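Asks: The structure's right below; bear with me while I get my questions together.
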Amino acid sequence: MLELRGIDKYYNPGTVNEMCLFQDFHLKLEKGEFLSVVGSNGSGKTSMLNIICGSIPIEKGQIFIGDKEITKEKEYKRNRRIGRVYQNPAMGTCPSMTILENMALADNKGKLYGLGPGTNKTRIGYYREQLAQLGLGLEDKLDVKVGSLSGGQRQAMALLMSVMTPIEFLILDEHTAALDPKTAELIMELTDKIVRDKKLTAVMVTHNLRYAMEYGNRLIMMHEGRIVLDKKNEEKQKMQMDDILKLFNEISIECGN
């Protein structure tokens with residue numbers, strides 16, 4: 001279970017540019033939920049992810065994982081339980097390192113490093129098996145630097161690397177937005193398989209309404225730091241694309257667009 005309780009978040013506090021994004025914001029995710037988050041630019045989607053991961057501080061409120069409050073827990077400590085994939089494929093991998101070195105780095109997430117070799121040769125077979133499931137032939141390119149791969153290949157690697165160590169939560173920040181349609185479909189299918197196989201709780205921010213409708217068992221729409229739509233399980237399945245588009249258009253008109 002993950003819960004944001006009574007969150008207040010201000011940007012540029014105490015200045016003429018002060019902006020209140022969240023005021024008494026609440027969100028609770030049950031274990032195993034796959035939540036899709038949609039909303040216009042500036043609605044607070046990515047800021048919410050940053051708050052969950054500890055990337056930005058909050059002015060007020062509490063964050064819980066299970067019964068444990070983690071509001072003041074540092075980002076690197078939360079990362080032991082959270083995997084995150086960003087919109088930019090370059091942010092989830094190290095381009096100057098080889099595929100093998102990247103896999104070894106992800107495999108050692110949260111562990112102490114000594115003075116020994118960074119790559120455990122006994123794990124190479126495991127890395128090949130993990131890469132083979134992507135269907136991109138990367139298992140035969142372990143010595144290739146990641147920076148020479150396509151954006152789709154790097155994003156597939158980033159997704160795979162984010163779940164190599166045991167985690168409870170997977171955070172997906174528009175992770176298909178920079179990809180071509182065919183590659184985006186591949187990444188979404190892989191995402192769904194990983195979430196199901198590893199029984200993860202997942203939060204996916206996306207501008208692709210079809211993905212939001214098709215994947216996951218819960219959908220919320222955000223607007224100006226508020227949740228204006230929340231559907232789960234059967235209610236979500238009964239929704240039509242026109243329902244979301246209608247609400248988007250109503251919000252757009254309200255904002256004067």
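Read the figures in this text as sums done on the coordinates, not as results from a lab. Computed from a predicted structure; not experimentally measured. Here the Cβ is made from the backbone with ideal geometry for all residues, glycine too, and neighbour counts use every protein chain on show.
Asks: Which FRET efficiency, nearest 0.05, do Val228 and Cys94 yield, Cβ-Cβ r, R0 51 Å?
Replies: Once rounded, the FRET efficiency stands at 0.85.
Asks: Let me ask another. With a 10 Å cut-off between alpha carbons and a GNM built on the chain, which of Gln155, Gln133, Gln240 moves the most?
Replies: Of Gln155, Gln133, Gln240, the most mobile in the Gaussian network model is Gln240.
Asks: Can you give the local net charge around Met161? Use residues other than it whose beta-carbon is closer than 13 angstrom to its beta-carbon, Lys and Arg +1, Asp and Glu -1.
Replies: Local charge sum for Met161: +1.
Asks: Explain nothing, just compute: Karplus ³J(HN,Hα) = 6.51 cos²θ - 1.76 cosθ + 1.60, θ = phi - 60°, for every residue of the range 126-141 in order, whole Hz, x for Gly and Pro.
Replies: Each residue of the range 126-141 in turn: 5, 4, 4, 4, 5, 5, 4, 5, 6, x, 10, x, 6, 5, 9, 10 Hz.
Asks: Relative to the longest principal axis of the C-alpha atoms of the chain, give the angle of the C-alpha long axis of helix 181-198, reported between 0 and 90° and rounded to the nearest 10°.
Replies: Computed tilt is about 90 degrees.
Asks: Ok, one more. Here are a few candidate values for Rg and Dmax of the Cα atoms in Å: (1) 19.2, 61; (2) 18.4, 55; (3) 17.3, 52. Which one was actually calculated from the structure I just gave you?
Replies: For Rg and Dmax of the Cα atoms in Å, the calculated option is (1).
Asks: For the range 81-88, take each phi angle, set θ = phi - 60°, evaluate the Karplus expression 6.51 cos²θ - 1.76 cosθ + 1.60, and give the result in whole Hz per residue in order, putting x for glycine and proline.
Replies: 10, 10, x, 9, 10, 9, 5, 7
Asks: Now, a different point. Whole angstrom only: what separates the Cα centroid of the range 131-209 from the Cα centroid of the range 60-105?
Replies: Computed from Cα coordinates, the inter-centre distance equals 15 Å.
Asks: Out of residues 5 or more away from Phe22 or on other chains, whose amide H comes under 5 Å of its own, with H placed 1.01 Å from N in the peptide plane?
Replies: Lys9
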